[in-house]
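The numbers here are math on the coordinates, done by the rules we state, and not lab data. Everything numeric here is computed off the predicted structure, so don't read it as measured data. Positions of Cβ are backbone-derived with ideal geometry, glycine not excepted, and every protein chain shown enters the neighbour counts.
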Amino acid sequence: MANSFTFHYGPQVVSGIGASGDLDPYVPEGPILFVTDANLRALGLADRALAGLRERHEVTVFDDVQEDPHEASVLAALDAAKEMGATGVVGFGGGSPMDVAKAVAYLLGSGDDIADIYGVGMAYGRGAPLALIPTTAGTGSEATNISILTVGETQKMGIVSNALYATYAVLDASLTTGLPRHVTAATGVDAMVHAIEAYTTKRLKNPISDALAKEALRLLSANLITACEKPDNLEARDAMLRGSYLAGVAFSNAPCAGVHALAYPLGGHFHVPHGLSNALMLPQVLTHTMPAARELYAELAEVVDPTLTGLGTQAKAQGFVEAMRDLAIAAGLSLRLADVGISAEHLDLLADEAMLQTRLLQNNMIDITRDDARRMYEAAL
């Protein structure tokens, strides 16, 4: 446990059913760039937020955002923002629109070149005012100082800087009730991975992120199955959204590790949704890291499954790994790479790509070598 640490609580939070219908208090005067994706726009999910904004603002909608957003989307959105003279940015959607919105708001305000800000702490300027509205309870992107973009054909790169924090995060659980079950399941597991990795990270682990991660994991694990099976249950949806946010605050201070490192190549090369990528690799990385993280897993076991309380450390830790696997399966996710089109011929490519994720690998409590990564991918087939 760290004796000295710094902690950033992230954006100001506004939470409430229907809160996304009146965003005017959370944006500056003047034209607003509204970043979302074409699917959400087609579903009409953004209609209420857009109608409220347009009562007082000129609004340009940018919806050319892919599931694994490309740097080109950021640059196109930035051009749109400059052309309209935008004074602020709204990101509305899952992690992809919010990641694009964070990068655009920073570049719009700072005038920096995107090539200069990849990495940790490379964005030093001040971004334009930014409000983020999540439509999934998973990425926690509305809480974080991170934007993950695809650069070139397949490489995922991160921009990590406190300058990327949003001004406001607006949590409106009513936006999540229409999600398909598989999206609710995958994003929910994604949020739990954020909490687990924040709690077990080798670098920058601290008492505040620990407390938030445990509460996030409690909320998420207790409500995931209800949210999947009763999608209109606003109490469960609200708990999931709060859990996702708390996990986001936790991992933006105590960074993610091996699960994310092995998940990114699945998205970059095979376009597996990020939450499902994390679910696929979670059991393997938890097992690999067990020798160093046993006591921490045992502490988390009691949060996820109180019936494990009273067992010995090893039994609790193993019970935690099994409980996380069982939760993902009960939510309806397959945990086999073969089911997303990945076979033995891809193992070397995946292992090579995982080794490029040094920003994340350095945070794992046990080193992950290329051979380790290949073995874990093979075990997940």
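Miscellaneous remarks
- Taking a ≥ b ≥ c as the square roots of the eigenvalues of the Cα gyration tensor, region 202-349 is rounded, since a/c falls below 1.5.
- Förster radius 41 Å - calculated FRET efficiency between GLU229 and ASP348, Cβ distance, rounded to 0.05: 0.55
- Label-point separation, ALA38 to ALA211 (7 Å along Cα→Cβ), nm: 4.6
- 22 Å Cα-Cα reach of LYS316 towards lysines, excluding residues that sit fewer than 8 places from it in its own chain: LYS202, LYS205, LYS214
- Cα-based Rg and Dmax for the chain, where Dmax is the largest Cα-Cα distance (Å): 19.6, 62
- Helix 71-84 axis, angle to the chain major axis (alpha carbon atoms, nearest 10°): 20
- Coil-residue trypsin sites (Lys or Arg not before Pro) of region 208-250, DSSP, other Cβ within 10 Å capped at 12: none
- Loop-located trypsin sites (Lys or Arg not before Pro) in region 309-381 (DSSP state not H, G, I, E or B) with no more than 14 neighbouring Cβ atoms inside 10 Å: ARG336.
- Degrees, to the nearest 10: 274-304 long Cα axis against longest axis of the chain: 60
- Compared with the dominant principal axis of the Cα atoms in the chain, helix 181-200 is inclined by about 70°.
- Residues in region 198-241 reached by a label modelled at GLU322 [backbone nitrogen below 20 Å; 7 Å Cα→Cβ]: 221-222
- Among HIS70, HIS269, HIS260, residue whose mean-square fluctuation peaks in a GNM of the chain (springs only between Cα atoms under 10 Å): HIS269
- Three-way shape call for region 131-206 based on the alpha-carbon gyration tensor, with the a/c threshold at 1.5: rounded
- Using the rule -39500 (n - 2.57) for each DSSP H run of four or more residues, divided by the residues of the chain, the 222 nm mean residue ellipticity is -16500 deg cm²/dmol.
- Backbone phi angles across region 323-332, fed through the Karplus curve with coefficients 6.51, -1.76 and 1.60 (θ = phi - 60°), yield HN-Hα couplings of 5, 5, 5, 5, 4, 4, 5, 4, 6, x Hz in residue order; Gly and Pro are listed as x.
- Eligible lysines near LYS82 by straight Cα distance, threshold 23 Å, same-chain separation 8 or greater: LYS102
- Region 275-381 shape via C-alpha gyration tensor axes, a/c threshold 1.5: oblate
- Based on the Kirkwood approach, the hydrodynamic radius assigned to region 1-58 is 14.0 Å, with every pair of different Cα atoms included.
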